[in-house]
Structure formats: structure tokens, C-alpha cells
1. Of all residues in the stretch 236-258, which are free of Cβ contacts under 8 Å to residues at least 40 places away in the same chain and either open to solvent by less than 30 Å² (accessible area, probe 1.4 Å) or not assigned by TED's automatic domain parsing to the domain that holds residue 353 (or both)?
2. Out of the residues in the stretch 1-14 that are assigned to a helix (DSSP H, G or I) and of a type in the set (Gly, Ala, Ser), which is nearest to the ligand (Cβ to nearest atom)?
3. Just to be sure I understand, how many residues within the stretch 15-39 are among the small types (Gly, Ala, Ser), within 13 Å of the ligand (Cβ to nearest atom) and open to solvent by 30 Å² or more (accessible area, probe 1.4 Å)?
4. Checking residue 207 against (1) open to solvent by less than 50 Å² (accessible area, probe 1.4 Å); (2) modelled with pLDDT under 95, which single condition isn't satisfied?
5. May I ask you to say which residue of 343, 336 is without any contact (Cβ under 8 Å) to a residue 24 or more places away in the chain, closer than 20 Å to residue 233 by Cβ and surrounded by fewer than 22 Cβ atoms within 10 Å (Cβ to Cβ)?
6. Which residues, counting only those in the stretch 142-180, are without any contact (Cβ under 8 Å) to a residue 12 or more places away in the chain, out of contact with any Lys or Arg (no Cβ under 8 Å at 6 or more places or on another chain) and either among the aromatic types (Phe, Trp, Tyr) or over 19 Å from residue 194 (Cβ atoms) (or both)?
7. Would you tally the residues in the stretch 282-310 being open to solvent by 40 Å² or more (accessible area, probe 1.4 Å) and assigned to a loop (DSSP other than H, G, I, E, B)?
8. Among the numbered criteria (1) surrounded by 19 or more Cβ atoms within 10 Å (Cβ to Cβ); (2) modelled with pLDDT under 95, which one does residue 313 miss?
Amino acid sequence: MSAYRARAVVDLAAISANIKLIQSTCSVPVMAVVKADAYGHGLIPVAKAAISAGATWLGVALPEEAIALRKAGITAPILAWLASPGAPFNELIAHDIDIAIPSIAIFTEVLAAANALKKKARIHIEVDTGMSRGGFRDEWNTFLERSDLRDVEVIGIFSHFARADEADSDFNLQQKKRFAEMVTELGARGISPQIQHLANSAAALQDQDARMGMVRIGIAMYGLSPDYERMGSSKSLKLQPAMCLEARLHLVKVVDAGSSVGYGSGAQTTRKTKLGVVAMGYADGIPRMAKNAGIFIDGKRAPLIGRVSMDQFVVDLGPDATVKGGEWVCIFGNGDSGGYTADDWAAAVSSINYEIVTRIGPRVPRIYK
Ligand SMILES: *Cc1c(COP(=O)(O)O)cnc(C)c1O
């Protein structure tokens, strides 16, 4: 796809630096979480960069993400934690992909697929320690009774924090306590997985007790703060945002004061000004309801005006702007020279930076530097 209109420029050196920083902070093996097309940054190039930088594991949600990594020749251990009933378990097992087991139904399917292949499945038992999302809770005691737990290779046991960004929340203590109990209960059945893992980026960065045998790092490896308000900006965490989203100005025009802009006449100009039409819209992941965000060009911010359309949005460049159609503008980046960041766009729609980067659509080419 040609990048004549829009591009997400991904700095793989930033990803590498972020992984090295996390590794030296945590001193335990790092699983690079590359689900959702590596948070929108591009699955294969990011996975390769992460491994070169020292990550020893890759984590994904879906089976097809894991299989794509294997098909690209990646041999590092991979965990897929959202292989739902009906997933291609035989393919996962054939490709030596580790599978998260959160329920007896899924365990049963994995066993059947493994038996058919005459191969032992590699599993990580997922336990629900309080989030009430994935993992064993009500079925836990029944699962522990299963004698066929011996027919699989139990590589890991893991859980996930609900409130890792809130460093002093008692909920984290409760989850760690419950995790330790469940590890002990499994141990009492003679099963002691090599790797116990609990921490996502937020926990890895601020809770030494949560790091255990491995940390699962997503957002921080992309250089973004897990929680801007509670943990501070990328910069304060010494992380380097890896993605710079850019688009071309489709055209620039002068309009009078009182001109209505966009669908529903969502905004009115208050002065005679120059508007820039940016060739990206909500089909590309620009949030339709964004307010107080915009672009950066010529050393200045130009705010959004009116509603974002499917393929384009309008910015107020100001009456004195000298920029012309065809110039590249920055929608978000590392903010170093004063431009908007993914955190600014997230704040503009009461969301989080995770959503901003993962929603950049497939029409936007990823360019690597
Ligand atoms: C997405 C995910 C992670 C990574 O979380 P970040 O906050 O991006 O570091 C870790 N573990 C699991 C189970 C996840 O789903």
C-alpha cells in the first residue's frame, strides 16, 4: 500500500530501547505482547525487533496471531491466551504454540487435539484472581481433580491484574494472595509450572512483587504510559513512543468568520481563517467524537474543528498559516517538539492511549525506520 496520503511511522529502535529499559528495571524474562497487530504497530516487524532487543517470549490473544508469527519463521516461545472453543487447537499444538487454559471445556478440546496428533500440548493454566474475566474460578477445584492434567505439559500458570495502574490499591494485594494460594493448590497435586506470571506493563513498572517469573509487556514496549494520570507521561517513565501518525493535507482554503464546518454544522469559525483538510478519518481510527485534539505542522498545533468524517477531518490552521495542500502533518507522535501525543488524543475522547493506537485501521501503511 502506498503511503501517499497517510502513514504510521514506527520507530523500531524506540521499541528496542523500551524493552531494554524494562528488562533492566525488572531483571526477569520479558514476554513482548504483540496482540492486535502489535497494538497497531505491525505484528511481524515488531515481534522480530522485540526478540532482537532481548524479549524471550511473545504473547498474543488469538490463535491466528500466533500462527502468523510461526509462519514468519519466528521460533521463540509464544503464548496465545484467547483460543476460544472451536479454535484450531491442532494447528497451535503442531506449531508448538503454548495455549492458555481458562476452562474445562477448552482443556477438553486441547486434550482431544493433542491426542489426535499424538503430541503433548504446552499449556499455561489461567486463573481468575479477582478480575472476573479470563481464567478458572468456579471450576477450579474440579479442574484440580483431573488426572489427565498429566497428559499435557504445564509450562506456566498466570493471572491478570484488574487495577495494576493503581499502585496502592488493596485489590492488587488480594489478587497476589489469591494467585499464591492457587499456585499452592496446584502444587499440592504435584504440578509446579516452570513459569508463574502475573504482571502487565503497569505492574512490571511499579510492583516488584508482581514480576515473578516473567513480565508480560504490552503498552510500555510501544513507549506509552499504562496510565497517564496515575503513572505519568511516557517521558516521565523514560519510555519512547514508537508510533508517529502522519497524514497529508488534502487542501487548504480560506473561509470567512461564521462559516459552518462539517456534518451537522458541528462548528463555526469565529474569524476569517485558513482551514486544512486532513486526509484521514474515523475509518482510519481517528475518533469521531474527538475534541481538543488536532495536528502539528510548522511548529504549531492546529486544532480540529467540526466533526471527524469517515476519511477526512478539518483543522483550523489560523489566518496567518503558510502551509499548503500536500504537506505532511503530524496527528500524534512523541510530543517532543510540541505536537499532540496518543495520550492527548485519548484524553480528547475520554479513552486510553491503547485504544488510540490499536484502532489505526488497515488502510494506513506502517512504515519502519
Ligand atoms: C494485553 C495483555 C497484557 C499486556 O498489557 P499491557 O497493559 O499492555 O502491558 C498482558 N497480559 C494479558 C493477559 C493481556 O491480555
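The values are calculated or read from the model by the stated rules, or taken from the named source; none is laboratory data. Just so you know, these numbers come straight off a predicted model, no measurement behind them. Neighbour counts are summed over all protein chains in view; Cβ atoms, including those assigned to glycine, are modelled from backbone coordinates with ideal geometry. We work out accessible area using only protein heavy atoms, side chains counted, and drop any ligands, DNA or RNA first. Shrake-Rupley method; radii C 1.70, N 1.55, O 1.52, S 1.80 Å.
1. Scanning the stretch 236-258 gives 236, 237, 255.
2. Going through the stretch 1-14, the residues assigned to a helix (DSSP H, G or I) turn out to be 12-14.
Those still in the list that are of a type in the set (Gly, Ala, Ser) too: 13-14.
Working: 13: 20, 14: 16 Å.
Applying the filter and picking the extreme gives 14.
3. Going residue by residue through the stretch 15-39, those that are among the small types (Gly, Ala, Ser) are 16-17, 24, 27, 32, 36, 38.
Now restrict to residues that are within 13 Å of the ligand (Cβ to nearest atom): 32, 36, 38.
If we keep only those that are open to solvent by 30 Å² or more (accessible area, probe 1.4 Å) too, we end up with 36.
Residues meeting the conditions: 1.
4. (2)
5. Values: 343 fails: without any contact (Cβ under 8 Å) to a residue 24 or more places away in the chain.
That would be 336, the only listed residue that is without any contact (Cβ under 8 Å) to a residue 24 or more places away in the chain, closer than 20 Å to residue 233 by Cβ and surrounded by fewer than 22 Cβ atoms within 10 Å (Cβ to Cβ).
6. Correct list: 145, 147, 163, 168, 170, 173, 177.
7. As a first pass, look at the stretch 282-310 and keep what is open to solvent by 40 Å² or more (accessible area, probe 1.4 Å): 282-283, 288-289, 291-292, 298-301, 303, 307, 310.
The next check asks that each one be assigned to a loop (DSSP other than H, G, I, E, B); those that pass are 288-289, 291-292, 298-299, 307, 310.
Going through the stretch 282-310 one residue at a time, the tally reaches 8.
8. (2)
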